[in-house]
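Here the structure is laid out as structure tokens; the discussion comes afterwards.
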Amino acid sequence: MTFVTISDFIPIVPELILVLTALLVLLVDLVGTQTGYKMTSPLLAIGGLCVAVFAEIQLFGGNRVGFFDTIVADQYSILFEIIYMVTGIITITISWHYIAENNMNFREYYVLMLFSIVGMMLMTSSLDLLMIFIGLEIMSISSYIMVGMMRRVVTANEAALKYLLLGAFSTGFLLYGISLIYGATGSTQLPAIIEHLQQAGAFENPLVGFGLALLIIGVGFKVAIVPFHMWTPDVYTGAPTPVAAFMSAAVKAAGFAILIRIFLTGIPHAERWDNMMWVIAILTMTVGNVMALRQNNIKRMLAYSSIAHAGYVMVAVVVGSEAAITSIIYYSFAYALMGMGAFGVLSIRSNGKTIETYEDLAGYAHAGPTEQVAAVLMSTFMLSLLGLPLTAGFIGKFQIFYAALDEGWFWLTVIAAMNSVISLFYYLRVIVFMYMKERIGAQQEKESQTSVSSLFAITGLLATAAGIVYLGIFPNDFVQLAQLSVTAISF
Amino acid sequence: MIPTTHVLILSAALFSIGVLGVMLRRNVIVIFMSIELMLNAVNLSFVGFAREMDSMTGVIFIFFIIVVAAAEAVVGLSIILSIYRNRQTLNVDEYNLLKW
């Protein structure tokens, strides 16, 4: 009988760093003074995330395994983990002023966010369905609390309740799927499961088909693909804006990370799988884009647009080639940056007023110095979400379409391209309202609400926009990293 | 000894009752109980498979499911409590501020 040794802990050093940081933030909160606007906790959390990113870079290329082959630190998981941590850093920059303004200034916010990231990292770097399940739950339970953190606001309560009920419901499906797969293959370790399923006739066991379908339902809820998307708009609208940003970026990236890890690393695909995923991809894109068109609330529009973007990623999941998986990784990162940026701008108050509908945006670009910068940033994010050249969104879509055409998915690509055209209307509408409409009834509520300096947020958003443009003009570095990480997961 | 098929049929039946409960009942607490029923149905199927194959993995999995279900119940009940304080109702149909 072998036991856990110290070398087992090396692959999870970044996770350990984050857990320690989270505990440290709690401790500092305990001994420090309780006045609201101190920046100790957010800076501490950012510092911890930076150290963890550094640790990941040290681990890169080492392919270390630990805990009886259940945890791996291969290039694939490291790249995704860095994506989560970068989104975490941006989330903190856009959170600080928001949580001070909205009376939710609990330091637990940062702690929960760090734990949520730890959950994502564990589930990405795990090769065992048990570990994936635990990581998924660490992530989900932390984010339930974050969504409901404004506990006196009724819409936030409602969003938290919907997220919790549907999240727990989907966990039930995921677990039932795992249990059926376990029954059919006798193991919860992914390599053993894949090896078993690659044998001829493995799919004649009805448990396998049911199990895989239930797993797709469980993961599908997390990444919000149609028809499991109903919670997304409600939750993103009701949740605090930075939390919505975090969920649309990091939680979705984590969902896609395990989707790739489970389904695209060797489980043979039947004709039925292709047909089913094909329909899901088209439905997800179309429903997301068409519903986004009809929204008047911008957060809701962004929620539907995040569903549409999940649809583009699903196109790559259908294709499933190495180039397609590379494009999924690239797109996850690109979407994380642009989605976070868009939500981040919405978290900044203008004249003491929160931006909610398109009408609130009217004349935004001329309202003041902060707004001028924010409007330029928002336009960058919108153009990138739209997929204009020189932005990360363009390269991401280009890669997905190219991979799809390469494998002969002509009509799927055409439908995806048509969907991009639909998205033109609602993304450009934001820019039109910001620059070309007059503000109605300005200054009214100026005194009614407190406004905290949003300089910290603007700095973070500027870095995000710079990242988008950099990824759009020089995509090669990141694409090469992504290709490297795709070769790390077995086929 | 009870055959494994019977255990699995019972677990599938309990799981379906749970799913139907979530979809049909309107009281938040009952919905939450139905979700717990689903998780426990999964536990039952794990026990069935683990006994059939004489492996420990399934049994260990159950412990983790129980722990996670407890954590979820803590968070869930506190969210339900805070929404009840604000709305004075437990009927999900009346939680309708966020729609379309």
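No value in this document is a laboratory result; all are computed from the given coordinates. Remember, it's a predicted structure, so these values are computed and weren't measured experimentally. Here the Cβ is made from the backbone with ideal geometry for all residues, glycine too, and neighbour counts use every protein chain on show.
Some observations on this one:
- Residues A:TYR435, A:TYR109 arranged by fewest to most Cβ contacts within 10 Å: A:TYR435, A:TYR109
- Evaluated on the stretch A:270-491, the Kirkwood hydrodynamic radius is 18.3 Å, with distances taken between all distinct Cα atoms.
- Taking Cα atoms only, the orientation of helix A:206-223 departs from the longest principal axis of chain A by about 20 degrees.
- Residues A:LEU26, A:LEU164, A:LEU130, A:LEU79 arranged by fewest to most Cβ contacts within 10 Å: A:LEU26, A:LEU130, A:LEU79, A:LEU164
- Average Cα contact separation per residue, the stretch A:270-491, under 8 Å, 6 or more apart, as relative contact order %: 28
- For the protein assembly as shown, calculated [θ]222 nm from helices alone, where every DSSP H run of n ≥ 4 adds -39500 (n - 2.57): -25000 deg cm²/dmol
- Debye intensity ratio in log₁₀ form over the Cα atoms of the stretch B:4-94, taken at each q of 0.20, 0.22, 0.24 Å⁻¹: -0.93, -1.04, -1.13
- Orientation-averaged projected area, Cα convex hull of the stretch A:195-280 (nm²): 6.1
- Chain A: relative contact order as a whole-number percent, Cα under 8 Å and 6+ apart: 16
- Rounded if a/c under 1.5, otherwise prolate or oblate - the stretch A:385-428, Cα gyration tensor axes: oblate
- Percent RCO, i.e. relative contact order, over the stretch B:4-94, from Cα pairs under 8 Å lying at least 6 residues apart: 31
- Amide H partners (placed H, <5 Å) of A:ARG64, local residues excluded: A:ALA73
- For peptide B:68-77, the mean count of partner chain Cβ atoms within 10 Å of a residue's Cβ comes to 5.
- Compactness of chain A was expressed as the Cα radius of gyration divided by 2.2 N^0.38 Å, which yields 0.94.
- Number of partner chain Cβ atoms within 10 Å, mean per residue of A:374-380: 0
- Among A:THR265, B:THR89, A:THR380, a tally of other beta-carbon atoms within 10 Å of each Cβ gives an order, fewest to most, of B:THR89, A:THR265, A:THR380.
- At an R0 of 51 angstrom, the distance between the Cβ atoms of A:ASP406 and B:GLN88 translates into a FRET efficiency of 0.30.
- In order along the stretch B:53-62, phi translates into HN-Hα couplings of 9, 6, 10, 8, 3, x, 5, 5, 4, 4 Hz, rounded to whole numbers, per the Karplus curve 6.51 cos²θ - 1.76 cosθ + 1.60 with θ = phi - 60° and x for Gly and Pro.
- Contour excess over end-to-end distance, with Cα ends at A:PHE3 and A:ALA417 and 0.36 nm allotted per residue: 143.7 nm
- Neighbourhood net charge (11 Å Cβ-Cβ; Lys/Arg +1, Asp/Glu -1) for B:GLU72: -2
- J(HN,Hα) series, the stretch B:71-87, from Karplus relation 6.51 cos²θ - 1.76 cosθ + 1.60, nearest Hz, glycine and proline x: 4, 5, 5, 4, 5, x, 5, 5, 5, 4, 4, 5, 6, 5, 4, 7, 10
- C-alpha long axis of helix A:108-124 to longest principal axis of chain A, angle in °: 30
- Rounded to the nearest 10 degrees, the inclination of helix A:322-346 to the longest alpha-carbon principal axis of chain A is 20 degrees.
- Order by protection proxy (mean Cβ within 10 Å, highest first), peptides A:17-24, A:213-220: A:213-220, A:17-24
- Shape call, the stretch A:231-298: gyration tensor on alpha carbons, a/c limit 1.5: oblate
- For the stretch A:93-116 and the stretch A:249-297, distance of Cα centres in Å: 30
- Under a 5 Å amide H cut-off, with hydrogens placed 1.01 Å from N, A:THR357 pairs with A:ILE298 among residues at least 5 apart or on other chains.
- Residue-averaged beta-carbon neighbours from other chains (10 angstrom radius) around A:179-192: 4
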